[in-house]
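*Asks:* One structure coming up, written as structure tokens, with questions to follow.
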Amino acid sequence: MWKSVAAAPADSILGLTEAFRNDGNPSKVNLGVGVYMDDTGTTPILNCVKDAERIMLGVENSKSYLPISGDPEYGRQVQRLIFGAGSEVISSDRAATAHSPGGTGALRIGGELIKRFRPQATTWVSSPTWANHQGIFTAAGFPIKQYPYYNSETKGLRFDELLSALRSIPAGDVVLLHACCHNPSGVDPDGNQWREIAAIAESQGWLPFLDFAYQGLGAGIEEDRRAVTEFAARGVDFFVASSFSKNFGLYNERAGAITVISPNSREKDVALSHLKSTVRVCYSNPPAHGGLIVKTILSEPTLEATWRQELAAMCGRIVEMRRALVDGLAARGISQDFSYITRQRGMFSFSGLTDETVAWLRENRAVYVVGGGRINVAGLTSANIDYVCDSIAEALA
Ligand SMILES: Cc1ncc(COP(=O)(O)O)c(C=O)c1O
């Protein structure tokens, strides 16, 4: 079967991790991988997760299938998290949530569902975007186009160009937006800018699809939902793909959710029926363990309080490392202004390092950065920050 078939290309970021693993340099630093690391360089299991698992061990009495869209209480808790407890979307009962295997599963199920009813649609993604967006929506059958987003000269948003592109996207097309902590740039629209974007979605009639993979890792749980709130206020159809890989540290549990928001409860019921039939033919019903952890934490106020503290600590460490990097580079007399790194949000940053510098850092200092200069700020620790700053200073000298 495979004799005359060429091998598929390796995933570029996972390939980098493999090369890092095989690197014998004891000073090596991995700023490429997309997982949170604490100051000891490990990806921890949160205390709230361990506590939830202890509770689960005592009460779980069956491994029977979950419903197709998952445990209804999980759906309720996820909606409280993404919309806020007092949200009109919840009181009007106009959102349907299905538990998905991670954020990737949520994006793919959402894509499959939309494809059934919008077979002619194009999916628009930001330039640049997380590499897998293109793959997921291509696999779901969509042609892909890009809208302008990041300006590498100003290190900010190309806001005017973004708006004019969004004004020319036809009704019915899908527009994929990063709800917060844009990956890879770390640059997000502010609240007023989201309001303008949502107004265009309403007047143009394109379908917003919010990828919400980093809630709580930007400015906080409440602040990070401003994009969701703006689209909700318009009463339009839209989709939200949640991932709990980063904010609950549940990477290998594959916990996520796809939420379909409709203008009213009746249309939501129709959407839910098709969401379920889409899930049924993809993976039938979701894996339970990770979702049960999230549900247990969000249903128990003391566990939720612990989670909020632990999430705030992760977010705070990232902000601290952004500052340490910028200060460390300035202290080494580098003339290039890196202060924009402190204005970016979330785990990732477009460092402004060229591909040439990225290659030099890897070959000469075993500092691993993704091509294009994206760094995972959470890969910086108090033990490696000086080494990284020295290495970048040397590379730029
Ligand atoms: C922007 C974005 N969306 C979605 C995901 C998918 O997350 P998950 O690991 O939960 O599938 C990621 C993970 O890196 C991401 O960066």
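*Asks:* Are any residues in segment 148-183 at positive phi and within 16 Å of the ligand (Cβ to nearest atom), and if so, which ones?
*Replies:* Listed by number, the list holds a single entry, 181.
*Asks:* Same structure, new question: I want to confirm something. Restricting to segment 5-55 and keeping residues that are of a type in the set (Gly, Ala, Ser) and within 19 Å of residue 384 (Cβ to Cβ), which single residue is most open to solvent (accessible area, probe 1.4 Å)?
*Replies:* Across segment 5-55, the extreme among qualifying residues is 24.
*Asks:* Any idea which residue in segment 331-384 is farthest from residue 224 (Cα to Cα), counting only those that are assigned to a strand (DSSP E or B) and more than 16 Å from the ligand (Cβ to nearest atom)?
*Replies:* The qualifying residue farthest from residue 224 (Cα to Cα) is 367.
*Asks:* Suppose we filter segment 134-173 for residues that are open to solvent by less than 30 Å² (accessible area, probe 1.4 Å) and within 18 Å of the chain's Cα centre (by Cα); how many remain?
*Replies:* Selection size over segment 134-173: 4.
*Asks:* Let me ask something else. Between residues in segment 109-122 that are more than 17 Å from residue 241 (Cβ to Cβ) and residues that are open to solvent by 10 Å² or more (accessible area, probe 1.4 Å), which pairs lie under 6 Å by C-beta distance while being six or more apart or on different chains?
*Replies:* Correct list of pairs: 122/143; 122/145; 122/173.
*Asks:* Follow-up question, since we're still on this one. Identify, by number, the condition in (1) buried (at least 21 other Cβ atoms within 10 Å of the Cβ); (2) modelled with pLDDT under 95 that residue 60 doesn't meet.
*Replies:* (1)
The rows are residues; the columns are (1) open to solvent by less than 30 Å² (accessible area, probe 1.4 Å); (2) at positive phi; (3) at pLDDT 95 or above.
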{"position": "333", "(1), (2), (3)": "no, yes, no"}
{"position": "342", "(1), (2), (3)": "no, no, no"}
{"position": "351", "(1), (2), (3)": "yes, no, no"}
{"position": "360", "(1), (2), (3)": "no, no, yes"}
{"position": "370", "(1), (2), (3)": "yes, no, no"}
{"position": "374", "(1), (2), (3)": "yes, no, no"}
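*Asks:* May I pose another question? All but one of (1) outside any helix (DSSP H, G or I); (2) small (Gly, Ala, Ser); (3) buried (at least 18 other Cβ atoms within 10 Å of the Cβ); (4) at pLDDT 95 or above hold for residue 284; state the number of the condition that does not hold.
*Replies:* Every listed condition holds for residue 284 apart from (3).
*Asks:* What about residue 187, is it within 16 Å of the ligand (Cβ to nearest atom) and over 19 Å from residue 214 (Cβ atoms)?
*Replies:* Judged against the criteria, residue 187 is not a match.
*Asks:* Same structure again: Criterion first (of a type outside the set (Ser, Thr, Tyr) and part of a helix (DSSP H, G or I)) does residue 325 satisfy it?
*Replies:* yes
The values are calculated or read from the model by the stated rules, or taken from the named source; none is laboratory data. Keep in mind it's a predicted model, so treat the numbers as computed, not measured. Ideal geometry is used to build each Cβ from the backbone, glycine not excepted, and the neighbour counts take in all protein chains shown. Side chains included, ligands, DNA and RNA excluded: accessible areas come from the protein's heavy atoms. Shrake-Rupley method; radii C 1.70, N 1.55, O 1.52, S 1.80 Å.
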